[in-house]
Every structure is written in structure tokens, then in C-alpha cells.
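This report refers to the structure that appears directly beneath it.
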Amino acid sequence: MGILERKIIHERTTLCSHIPYPQFVLPRHKHIEYEIMLFTSGSGKQFVGEGVLDYQQGDIALIGSNVPHLHLCNAKLNPAMSFGPSAGEALQFHPKMFPSELEEVPDYQFIYQLLQKSQYGIRFYDKELFEELRQRFQEIDRYEYTHRIIGLFRILELLSTCKSTKLMSATAYSSTNFAVEANEPVSKIYTYLFNHYKEKITLREIADYVKQNPSALCRYFRQRTDKSIFQCLAEIRVEHACKLLSYSNLSVSQIAYESGYGNVPYFIKQFESITRQTPKEYRISLLQGSENRIKSSTFGAR
């Protein structure tokens, strides 16, 4: 599971761009720009850093600089089900738009705190805020130079006052030391697990990749994450299995093998341990949830 390093092309006069997304097509990717995403239609799952949350029309997300993210649309991946297509609007802005020592300027405190939290990914739940931001996104297209910067700061101030929020990932990605962190043992282990989770993995292989003693590496990893390496591997595999259960018609056995398990009963045991549901129960709950959303939408339209 590689991460696409995406280069954002801005207009010549700005490092802040309003970008419409009539559909979500990008693979897991990251870019140096911060991103405010408005989900204007549809539903699906948003993956930010190590976190995942359902999204639906009216949701807002703020994604930090260089934080890996991915949007999976229900309509595209479940064409046989009655999901509407997903679309969104994004405002992407470069870290260079802010002073280098942002935290030391009292006037920027609300922006500094918001951007710090954005490295976890932030979800905002406020329909009135959503409508106001959507209008301000349109307005910012008419601004240039300092007026555009002021428009961005006003948007950030609105986000900072929202009371209904949720952090999306348990891990913060740093825009200033991301490249350095990528060489740290824990990050290198995650990279190896994400790239090889469909294969049979041994501790010796991981230790050789990180170039550390296996026992010392296990202790170090647990100290830094409060989890074992193979617990994290199981979570990665089960997360992938959840995607396949959500967005494919594969059987449980096929999903087990596609997720790196050679033993189906063991897969079911690990899946239930992590999700508190069997794969079959998980899939049924998804179907029931979609039916309830369809009914609710139908009644609301009357």
C-alpha cells in the first residue's frame, strides 16, 4: 500500500486553491498542503492517517500537511446498492502562508492550535457551518492577494469555534519532521507491514528490514505504541478485510486469503477479536445500515 506523493498546482498568484471533486478517484495519497474537505453529496469512508470514519453529505474534514488520506465512495464500490454518487469541494493551502514561528504570535493562536490538531485529521459536524463554508469557498475564488489570505483566515477561525468535532487518527503526522519520522523504527515497521500484509510475515524479516535485533525491536515497538508488532499487523489485515466486506461481493474465505490469512477460522477469530463481530455479522450490519439510510431518505423526501 504505497502512498502517492501528490503535487498540487496552484494559480500563479496564490498558494490557496479551491478545488471541486465531482468524484473521488485518487488512491491513498498525501501532499504538503493542508486540506479542508466539504462532502457535498454521497457517502463512504474517509481514511486519514491511521483513522477511518464514515462520511456523508454535510460533513467537514480538515486534513493536516503531509497526512496520508483516501476517500472510498459507496456508490462506486457498491454499484448494485442504492447509494448516491459522492462529490466534494476542497480548499487546499500551503504551510508557507503562515509565519515560521506561528506558535509565538498571539494573534495566530487559534490557527496554530487548529493546524496542530489537523495532523490527526479533524471531522466537524455542523450543518450551518457546512453551508457557510460552502458559500465562503465560492467567494474565495473572487479574491486575490491579501483578500484571499483574509478569506482563508476567516474560514479557519470559523472551524476553530466549532463545538462538535472528532479527531480521526490516534497518531499525529508532523509536517516538519515527516521525512525524518519515516526513517524511525516504528514508521519503518508500519511501512513494511502495509507493503507486505498480504504475505506471510516473520519477525526475523521485519527485524532484518529495520536492521535491529528482533527482541529489542519488539520491546521498542511496544514501548512506543502500546501494541505488539503482530497486533498491528492483525489490525491492518482486518481493516483491509472490512473494506472488502463493505465494497465487494467476495466470500468470507476469499476475503481471508486476500487479507493475508491462510487459515479462515483464525481469520474469523482475529476479526471478531478486533471488531466484536464476525465477518458475516459485520457485512449484515452494513446492509441493514444502508437500508435504514435509504428508508430515512425516502421518508424525508415526502
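The values are calculated or read from the model by the stated rules, or taken from the named source; none is laboratory data. Model, not experiment: these values are computed from the prediction. Cβ atoms come from the backbone with ideal geometry, glycine included; neighbour counts cover every protein chain shown. For the accessible areas, the whole protein counts, side chains as well, though only heavy atoms, and no ligand, DNA or RNA atoms are used. Shrake-Rupley method; radii C 1.70, N 1.55, O 1.52, S 1.80 Å.
Semi-axes of the equivalent ellipsoid for the chain, computed as √(5λ) from the eigenvalues of its C-alpha gyration tensor and ordered from largest down, come to 34, 28, 15 Å. Note on the chain: dipole from Cβ charges, positive end direction compared against Leu233, Gln254, Gln116; the farthest Cα belongs to Gln254.
Close amide H contacts of Thr171 (hydrogens built in the peptide plane, cut-off under 5 Å, sequence separation of 5 or more or a different chain): Glu50.
Scan the stretch 129-161 for GluC sites (Glu not before Pro) in coil per DSSP, keeping those whose Cβ has at most 12 other Cβ atoms within 10 Å, and list them by number.
On the way: sites: Glu131, Glu132, Glu139, Glu144, Glu157; in loops: Glu144.
Sparse-neighbourhood loop GluC sites (Glu not before Pro): Glu144.
Distance from the Cα centroid of the stretch 217-283 to that of the stretch 98-159 is 37 Å (rounded to whole angstrom). Between Ser259, Ser246, Ser164, the GNM of the chain built on Cα springs shorter than 10 angstrom shows Ser164 fluctuating the most.
Rounded, prolate or oblate: which one fits the stretch 141-281, using the alpha carbon gyration tensor with axes a ≥ b ≥ c (rounded when a/c is under 1.5, else prolate when a/b beats b/c, else oblate)? Oblate, because a/c is 1.5 or more while a/b does not exceed b/c.
If you take all other residues with their beta carbon under 14 Å from the beta carbon of Glu89, and give Lys and Arg +1 and Asp and Glu -1, the sum is -4. Considering only Tyr192, Ala172, Phe98, and ranking their Cα positions along the charge dipole of the chain that arises from unit charges at the beta-carbon of Lys, Arg, Asp and Glu, the one farthest toward the positive end is Tyr192.
Can you bin the stretch 118-160 into rounded, prolate or oblate? Criterion: square roots of the alpha carbon gyration tensor eigenvalues sorted a ≥ b ≥ c, rounded for a/c under 1.5, prolate for a/b above b/c, oblate for the rest.
It comes out oblate by the Cα gyration axes.
Need the list of aspartates and glutamates near Lys243 for cross-linking: C-alpha distance under 20 angstrom, and skip anything on the same chain fewer than eight residues off. Output for Lys243: Glu50, Asp54, Glu199, Glu235, Glu258, Glu272, Glu281, Glu291. GNM on the chain, alpha-carbon springs under 10 angstrom: the most fluctuating residue among Tyr282, Tyr34, Tyr55 is Tyr282. Annotation for the stretch 23-62: trypsin sites (Lys or Arg not before Pro) lying in DSSP loop with at most 16 further Cβ atoms inside 10 Å of their Cβ are Arg28. Taking the square roots of 5 times each eigenvalue of the Cα gyration tensor of the stretch 1-151, largest first, gives ellipsoid semi-axes of 26, 17, 15 Å. Of the listed residues Asp126, Asp208, the order by accessible area with a 1.4 Å probe, largest first, is Asp208, Asp126. Which shape class applies to the stretch 97-172: rounded if a/c is under 1.5, otherwise prolate when a/b exceeds b/c and oblate if not, where a ≥ b ≥ c are the square roots of the Cα gyration tensor eigenvalues? In terms of gyration-tensor shape, oblate. For the chain, the longest principal axis of the C-alpha atoms and the axis of helix 264-275 are separated by about 40°. Highest mobility in the GNM of the chain, judged by mean-square fluctuation with C-alpha springs under 10 Å and restricted to Met97, Met37, Met168, is found for Met97. With respect to the chain, whose longest principal axis is taken over its alpha-carbon atoms, helix 127-140 is tilted by about 60°. Against the main long axis of the alpha-carbon atoms of the chain, helix 145-160 sits at an angle near 50°.
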